[in-house]
Amino acid sequence: MVAFEGDETLTILVVEDDEALAELLRTLLNRVPGWGATVVHDAAAAREVCHHVRVEVFVVDVNLPGISGLELLALLRADPEWRDPPVILMSARPDQPGIDAALARGTAGRFIAKPFDVDDLIDAVHESVHDAVTAQRAPPEPPEALDPVSARPGQSGPGLNGTDRARRGGAA
């Protein structure tokens, strides 16, 4: 859950094993007023940070050493202390298995392919926070309505958004 208010710092955790890229991500994200990015380089360090810090946006490389970013998310989501912040996946291999499924299930809200455009990264964080805050303020959804034509539950939600370099989760 995102508890970001105008005077608070948005806590972003970046999990990226490439140290130079991790530092670049930290620098870019920390340039945005009100954002504070912390970087770790592996899943074990990410889990440790998540136990001690309220992470409000989680940016994770899919290809981490040891266990993948997707496996890390599964471990975190199984932890009762996990607060379910918005998740942005990153990878140099956008076609690898698991990314589309994570977006469709809502395990991650967005995907950014490497190399990435700085504006895509900043926009993805802004949109993730906006979506999380909007979801927190929205009234509970009524039970799913049946489609009168097919008598099956209707489908809704955003599809892929933008170019093939940045994707947003949701039904296709």
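Screening VAL15 on (1) in contact (Cβ under 8 Å) with a residue 12 or more places away in the chain; (2) more than 22 Å from GLN96 (Cβ to Cβ) shows it passes everything except condition (2). Cβ-Cβ distances below 6 Å connect the following pairs, each with a first residue in the stretch 113-134 that is under 15 Å from VAL55 (Cα atoms) and at pLDDT 95 or above, a second residue that is surrounded by 16 or more Cβ atoms within 10 Å (Cβ to Cβ) and of a type outside the set (Asp, Glu), and a separation of six or more residues or different chains: VAL125/VAL57.
Would you point out the residue of the stretch 78-120, among those that are part of a loop (DSSP other than H, G, I, E, B) and of a type in the set (D, E, K, R), that is surrounded by the most Cβ atoms within 10 Å (Cβ to Cβ)? Applying the filter and picking the extreme gives LYS114.
In the stretch 29-63, which residues are crowded, with 17+ Cβ neighbours inside 10 Å, among the aliphatic types (A, V, I, L, M) and under 12 Å from ILE122 (Cβ atoms)? Across the stretch 29-63, the qualifying residues are LEU29, ALA37, VAL57, VAL59.
In this entry, LEU25 passes the filter for residues that are surrounded by 13 or more Cβ atoms within 10 Å (Cβ to Cβ) and either within 15 Å of the chain's Cα centre (by Cα) or modelled with pLDDT under 95 (or both). In the stretch 50-59, the count of residues that are over 22 Å from THR9 (Cα atoms), touching a residue at least 12 places away in the same chain (Cβ under 8 Å) and part of a strand (DSSP E or B) is zero.
Listed by first and then second residue, the pairs with beta-carbon distance under 6 Å, at least 6 apart or on different chains, first residue in the stretch 83-106 and without any contact (Cβ under 8 Å) to a residue 60 or more places away in the chain, second surrounded by 20 or more Cβ atoms within 10 Å (Cβ to Cβ) and basic (Lys, Arg), are ILE88/ARG110. Of the residues in the stretch 60-67, none is in a helix (DSSP H, G or I) and at pLDDT below 95.
The values are calculated or read from the model by the stated rules, or taken from the named source; none is laboratory data. Since this is a predicted model, take the numbers as computed values, not measurements. Cβ atoms come from the backbone with ideal geometry, glycine included; neighbour counts cover every protein chain shown.
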